[in-house]
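Heads up: the structure comes next, in structure tokens.
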Amino acid sequence: MSSCTHSGFQPLFLLAALASACGEGALESGSSADDADGAFLFGETGGDGTGGSGLDLEQDALTFGDPGGTGATGHDTGDGGDTPPGPPETDFDGGAGGSTPPPVTDPDAALPPPPDPDAAAPPPPPPDPLADCPRIRVVNTGGIGLNVRPDPSTNGAPLGNLPDGSVANVLAIVQGQDVDGNATWYEVERGGLRGFVAGTWAQCIGPAMPGERDDVFLLPFGCGESFVVTQGNNSPFSHNGRGAWAYDFSMGLGTPMRSVKPGTVVHAYAGTQPGHPCYDGGGPECINDANYVVVAHPDGSQTLYAHLNAVHVGVGAEISQGQHIGDSGSTGWSTGPHAHVERQEACGRAFCNSIPMGFADVPGDGMPVEGQTVTSENGCGG
Ligand SMILES: [Zn+2]
């Protein structure tokens, strides 16, 4: 089986042959960068092989959304709102001044003014302009990153640079120089670097997840959950060639899959639905039918989550570490319910060469081996 190393671009018929021989391979349909046709090979070790069928129909509805927002809303033109509005002007002293008696035709003229239920209430707290934008992620700079400036304009020399995809805490939202039609600037802080960045290349994202440790990889399932690794890295069964650095975790159908790091969804496929012959697993004929999500991370790598029954995020969604991105299944070439997770180089496609990934919540070098039970700290409260 050690000869089962193949990768790259090869004719589909050859790949199919290799796949049949080796159980897994690196496949691209070669037609385009679009994943919808995603030729995809995962011959996999399932868990106990009890690919229950007909389960969890309610979990299979596709829900594509973008919880990250567009970053273009809710910006307060104020500078932090440190002058809360005073109590509303309550001027209903009709007749208190006494100089202009009300018209006699007013039936209420002789009555005292009705009590204003809000008159005695404290003024409402000023809206927090950062409530919808506690952090920003640098987007779409084409790899050159986003300069951090001493003031909200491009005049001052940059104090530093935030890489594409990186995240910074927002200290204030201000108006400054108009850059490509956007005058919003964010005062941000990241790792001791503090200054202003242009909103044109910053997308608002939510607060950090509890216990988020976004500089490390955490296991792709929920806090405190334990699962067995049924195939580790460099396994002759199917983790070789392009996908050598992959993990299979045995888990029941419908287990929430969680992102190992923050990032952006760059590929997603959910075309295999109940009733499809490859929905409950299958052989090599199902190599192109696994549902999956791929998340790109600020460090330049991406992670793939495959054999999903349900996909809960759409391409472009900004997600946090620990965010629920889909539910495990047995779609595609799979011998039973499990999750296949691997880290890859980013190559512009959903299936790139895999690279090592160690989890901070796995003892030792962080790289679990076949038969090892691992327990996730992903999303655990700090
Ligand atoms: Zn696998």
**Prompt:** Does residue 314 satisfy being more than 16 Å from the ligand (Cβ to nearest atom) and either surrounded by fewer than 20 Cβ atoms within 10 Å (Cβ to Cβ) or not in a loop (DSSP other than H, G, I, E, B) (or both)?
**Reply:** yes
**Complete:** Residue pairs qualifying under the 7 Å Cβ cut-off, at least six apart or on distinct chains, with the first in the range 217-231 being touching a residue at least 60 places away in the same chain (Cβ under 8 Å) and the second being part of a loop (DSSP other than H, G, I, E, B) and among the charged types (D, E, K, R), are 217/261; 218/361; 218/377; 219/361; 223/377; 229/370; 230/370; 231/370
**Given (1) in the same structural domain as residue 241 (by TED's automatic domain parsing); (2) modelled with pLDDT under 95, number of the condition residue 336 does not satisfy** = (2)
**Request:** Kindly indicate which of 322, 271 is within 12 Å of the chain's Cα centre (by Cα) and part of a loop (DSSP other than H, G, I, E, B).
**Result:** 322
**Request:** Give the residue that is surrounded by the most Cβ atoms within 10 Å (Cβ to Cβ), with candidates limited to residues of the range 331-343 that are in contact (Cβ under 8 Å) with a residue 60 or more places away in the chain and more than 12 Å from the ligand (Cβ to nearest atom).
**Result:** 337
**Request:** Identify all residues within the range 118-176 that are under 28 Å from residue 321 (Cβ atoms), of a type in the set (Val, Ile, Thr) and not in a loop (DSSP other than H, G, I, E, B); write none if there are none.
**Result:** 136, 138, 148, 167, 170, 173
**Request:** Would you mind finding the one in 247, 279 that is of a type in the set (Ser, Thr, Tyr), within 13 Å of the ligand (Cβ to nearest atom) and under 21 Å from residue 332 (Cα atoms)?
**Result:** 247
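Any residue that is more than 20 Å from residue 358 (Cβ to Cβ) and assigned by TED's automatic domain parsing to the domain that holds residue 342 - is there at least one of those in the range 292-302? First the steps, then the outcome.
Of the range 292-302, the ones more than 20 Å from residue 358 (Cβ to Cβ) are 292-293.
Those still in the list that are assigned by TED's automatic domain parsing to the domain that holds residue 342 too: 292-293.
Looking through the range 292-302, at least one residue is more than 20 Å from residue 358 (Cβ to Cβ) and assigned by TED's automatic domain parsing to the domain that holds residue 342.
The values are calculated or read from the model by the stated rules, or taken from the named source; none is laboratory data. All figures in this text were calculated on a predicted structure; none of them were measured in a lab. Glycine gets a Cβ as well: all are built from the backbone with ideal geometry, and neighbour counts include every protein chain shown.
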